[in-house]
Structure formats: C-alpha cells, structure tokens
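Enquirer: Below are the structure tokens for one structure; questions will follow.
The values are calculated or read from the model by the stated rules, or taken from the named source; none is laboratory data. This structure is a prediction, so every number in the text was calculated from the model and none was measured. Don't worry about glycine lacking a Cβ; one is built from the backbone with ideal geometry, like all the others, and counts go over all protein chains shown. Remember, those area values only see protein heavy atoms, side chains included, never the ligands or the DNA or RNA. Shrake-Rupley method; radii C 1.70, N 1.55, O 1.52, S 1.80 Å.
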Amino acid sequence: GSMFRSSDTQAAIMGASPDLNIDPNTPKIIILGYKFCLTSISSMCAEGATYPIDFTKTRLQLQGEAGFTGTKFSFFGMMQNVAKTEGVSGLYSGFTPALARHIPYTGFRAIGYEYIRAFFCGKDVVNAPFYAKALAGMTAGAIGQAIAVPCDLIKVRMQADGRLVAMGKLEKPRYTGLMDAFAKIKAEEGIVGFYKGATPAIQRAALVNLGELTTYDSAKTYIVENMGIGRDDLRCHLLSAFCSGFVASLCSTPADVAKSRIMSQKPAADGSVMYKGTFHCWVKTVNEEGFFALYKGFFPGWFRLAPWQLVFWVTYERLRIVAGLGSFK
C-alpha cells in the first residue's frame with residue numbers, strides 16, 4: 001500500500017488493515033508485540049544505513065564551541081578526517097546506544113500514536129483537523145524521546161569523545177560501551193545525569209515528528225497530483241521523504257545543536273558548565289558564532305532523514321507483508 005498518508009498516518013503503522021493473514025482471534029497484545037518487533041527491526045536497519053551521517057552531524061555541531069581549536073571541516077572533510085584519525089569504525093562510535101534508543105523511541109512512536117491520536121481526534125480519524133493530527137504526532141514523538149533520553153545522551157557523548165581523544169584532551173573515550181556508560185554516569189552524576197539535555201532532545205523529537213508526519217503527507221499528495229508519479233512509486237516515496245526531511249530539519253536543527261552541545265559538555269573543575277539550558281545555549285552560540293551556528297549540521301541532518309525514512313518504510317512494508325500483517329494502508 002502507499003507508504004503514508006497522514007489521514008491514517010502513523011496509526012497505519014499499527015494498521016488495522018483488513019487483509020491480515022493472522023487468525024482474527026489472536027490477542028491484541030500479541031499483534032502489538034509483533035508490530036513492536038517489526039518497527040524496532042526496521043528502525044535498526046535505517047539507523048545502520050545512515051549512522052555515519054548522524055555521527056558526522058554531531059561532530060559538525062560541536063566544532064566552533066568556545067575552547068575549540070583545530071581546523072573547521074565541511075561535511076565530507078569531517079568524514080574523511082574522522083576516518084583518517086579514528087579509523088572507519090570511528091564513524092560508528094556510539095552506535096550501540098543509537099540502536100538501543102530506537103527500541104523505546106520508534107516502538108512507542110509507532111504504537112502509542114494510535115491511542116494518542118484517538119484521544120486528540122476522537123472516533124472520526126479520517127476527517128480530523130490537521131492540528132489534531134499534528135498534536136498527536138508531536139505528543140507521540142515527545143513521549144517516545146522522553147523514554148529514550150538516556151540512550152541519546154550516551155550516544156552523543158560517545159560521538160563526541162573520539163574528537164577529544166584526537167585533540168589530546170582525553171587519553172581515552174569516557175565509556176567503553178553502553179553498559180559501562182550506564183554504570184559510570186549513574187555513579188558520577190546520579191540518575192539526573194541521564195537527563196541532561198532532555199529539554200532540547202524532546203523539543204527536537206516533537207518538531208521532527210511534526211515535520212515528518214505533516215509534510216510527508218502534503219508533499220506526497222502534491223507530487224501525485226502534479227508530477228504524474230503513482231502513489232506507490234518508489235520515486236514518490238523518495239521525493240516525499242526528501243521534502244519532509246527538509247522541513248523536519250528546518251524546524252529541529254536549532255534544538256538539535258543545543259542537544260548535542262548540552263549532552264556532550266563536561267563540567268569544569270569548579271563544577272561550572274558552558275551551557276545552562278537550551279535558551280542559554282542558543283544565546284551564547286549566536287553571540288559567539290553568529291546566527292547560522294544554530295543551523296550547524298542542517299544539511300547532513302536533512303540528508304539523513306530522507307534515507308532513514310526510506311529504509312525504515314521500505315523495510316517495514318516488506319516485513320509486514322512477510323509477517324502476514326498486510327501492507328501499510
């Protein structure tokens with residue numbers, strides 16, 4: 001079926017589609033479990049395919065901070081430099097927490113969306129006003145991200161540490177892996193430590209979901225009506241994902257920059273930190289590096305969202321069909 005029309009947007013992920021090849025008496029919880037596994041697998045495939053872009057984006061957002069010395073790189077320059085100084089596997093540092101983050105985040109986004117949507121839109125989902133769907137999408141994204149913040153924090157720190165090691169500021173990365181990071185952060189900073197940068201992370205997730213859900217749909221309709229490409233055509237999916245990625249990046253990059261910087265910062269010896277919160281981070285960044293510093297990593301962010309969505313949706317469609325859940329309506 002078509003990838004995604006927002007009338008039945010992500011709830012269709014849940015798809016109460018009539019052509020299930022599953023016994024109709026299967027308990028709901030089993031079907032939920034099935035879908036949870038499928039969204040998790042699809043998001044992991046998507047993450048694996050696009051992770052080096054995400055990694056490079058975080059690095060671009062951190063360069064130029066006060067106390068930063070060294071060459072300023074462009075996107076491809078940064079990628080080459082990392083591969084040179086930290087090895088190609090350096091482009092995958094922080095990959096484990098990135099995968100772990102998607103289990104609660106995408107799983108909840110997909111499954112929670114249906115129930116949240118019913119709350120905002122009532123029974124008549126098809127004719128629900130745009131703002132109701134937008135609210136439902138943003139809420140689902142925000143809650144999913146709120147659950148996943150600790151994994152996100154570890155991911156950003158692992159992405160940032162290679163840079164500090166290469167600059168000679170750290171002897172070795174702070175954490176050897178996901179479990180080591182959980183243990184160390186809990187010991188050093190307490191449970192609260194896991195939620196540093198939670199505000200911009202959640203803002204970003206809400207905005208990305210808004211951009212993804214709503215633009216994807218409008219772009220798709222426009223392309224189908226004006227370009228004569230069919231709804232199920234891969235080109236249509238690619239173009240729509242490309243447009244929705246653009247809007248999602250436009251809305252969310254400033255929150256993303258704040259998130260990268262706040263999560264990766266290390267308190268000074270006297271306990272003071274460079275950024276107190278999202279707003280403080282924005283003001284300081286604009287004062288020191290100019291307005292466009294808030295859009296560092298915009299292009300990689302955009303170029304990552306499109307292939308991410310594409311790999312996710314195509315994998316998800318195929319898996320649903322294989323699992324007998326019927327394709328996504």
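Enquirer: Using only Cα atoms, tell me the angle between helix 216-227 and the longest principal axis of the chain; keep it within 0 to 90° and round to the nearest 10.
Expert: Once rounded, the angle reads 60 degrees.
Enquirer: Taking the Kirkwood radius as the inverse of the mean 1/r across Cα pairs, report the Rg/Rh of the chain.
Expert: Radius of gyration relative to Kirkwood radius: 0.99.
Enquirer: Further question: Which lysines, if any, have their Cα less than 24 Å from the Cα of Lys172, not counting same-chain residues under 8 positions apart?
Expert: Partners within reach: Lys57, Lys72, Lys84, Lys155, Lys184, Lys186, Lys196, Lys259, Lys266.
Enquirer: Taking the mean number of other Cβ atoms within 10 Å as a proxy for protection, how do you rank 260-266, 45-51, 169-175 from highest to lowest? The partial results should precede the final answer.
Expert: Numbers: 260-266: 22.0, 45-51: 18.9, 169-175: 14.3.
Sorting 260-266, 45-51, 169-175 by mean packing, highest first, produces 260-266, 45-51, 169-175.
Enquirer: Does anyone have the angle between helix 234-264 and the longest principal axis of the chain? Alpha-carbon axes, 0 to 90°, nearest 10?
Expert: The angle comes out near 30 degrees.
Enquirer: Highest GNM mean-square fluctuation, the chain, Cα pairs closer than 10 Å: which of Ser240, Ser218, Ser43?
Expert: Fluctuation is largest for Ser218.
Enquirer: Something else: GNM on the chain, C-alpha springs below 10 Å: top fluctuator among Arg101, Arg235, Arg109?
Expert: Greatest mean-square fluctuation among the candidates belongs to Arg235.
Enquirer: In what sequence, largest accessible area first, do Tyr316, Tyr222 appear using a 1.4 Å probe?
Expert: Working: Tyr316 0, Tyr222 140 Å².
From most accessible down to least: Tyr222, Tyr316.
Enquirer: Could you check which residue among Ile185, Ile154, Ile53 shows the biggest mean-square fluctuation in a GNM of the chain with a 10 Å Cα cutoff?
Expert: Comparing Ile185, Ile154, Ile53 in a Gaussian network model of the chain, the most mobile one is Ile185.
Enquirer: Given the DSSP H assignment, sum -39500 (n - 2.57) over each helix run of at least 4 residues in the chain and divide by its residue total; what's the result at 222 nm in deg cm²/dmol, nearest 500?
Expert: On the way: 11 runs with 221 residues, N = 329.
So the calculated ellipticity at 222 nm is -23000 deg cm²/dmol.
Enquirer: Separate question: When all protein chains stay in place, what accessible area (Å², nearest 10, 1.4 Å probe) is found for Met227?
Expert: Met227 exposes around 100 Å² with every protein chain in place.
Enquirer: Nearest 10 degrees, 0 to 90: what angle lies between the long axis of helix 130-166 and the longest principal axis of the chain (Cα atoms)?
Expert: The angle comes out at about 30 degrees.
Enquirer: Once you have the Cα-Cα distance between Lys169 and Ala132, take 0.36 nm times their residue separation minus that, and quote the gain in nm to one decimal.
Expert: Working: separation 37, 0.36 × 37 = 13.32 nm, distance 4.83 nm.
The Lys169-Ala132 span can extend by a further 8.5 nm.
Enquirer: When N counts the residues of segment 35-93, how does its alpha-carbon radius of gyration compare numerically with 2.2 N^0.38 Å, as a ratio?
Expert: Against the empirical 2.2 N^0.38 Å value, I get 1.39 for segment 35-93.
Enquirer: Only residues of segment 144-162 count here: report those whose backbone N is under 20 Å from the spot 7 Å along Cα→Cβ of Tyr195, or say none.
Expert: From segment 144-162, the list is 144-157.
Enquirer: Now a separate question. Accessible area per residue for the chain in Å², computed with a 1.4 Å probe and the full protein assembly in place, what is it?
Expert: Working: 14540 Å² over 329 residues.
It amounts to 44 Å² per residue over the chain.
Enquirer: Could you compute how much accessible surface Leu164 exposes when probed at 1.4 Å, giving the result in Å² to the nearest 10?
Expert: Probe radius 1.4 Å; accessible area of Leu164 about 30 Å².
Enquirer: Now a separate question. Can you compute log10 of I(q)/I(0) for segment 114-171 with the Debye formula, treating each Cα as one identical point scatterer, at q = 0.15, 0.18 Å⁻¹?
Expert: Log10 I(q)/I(0), no solvent term: -0.58, -0.67.
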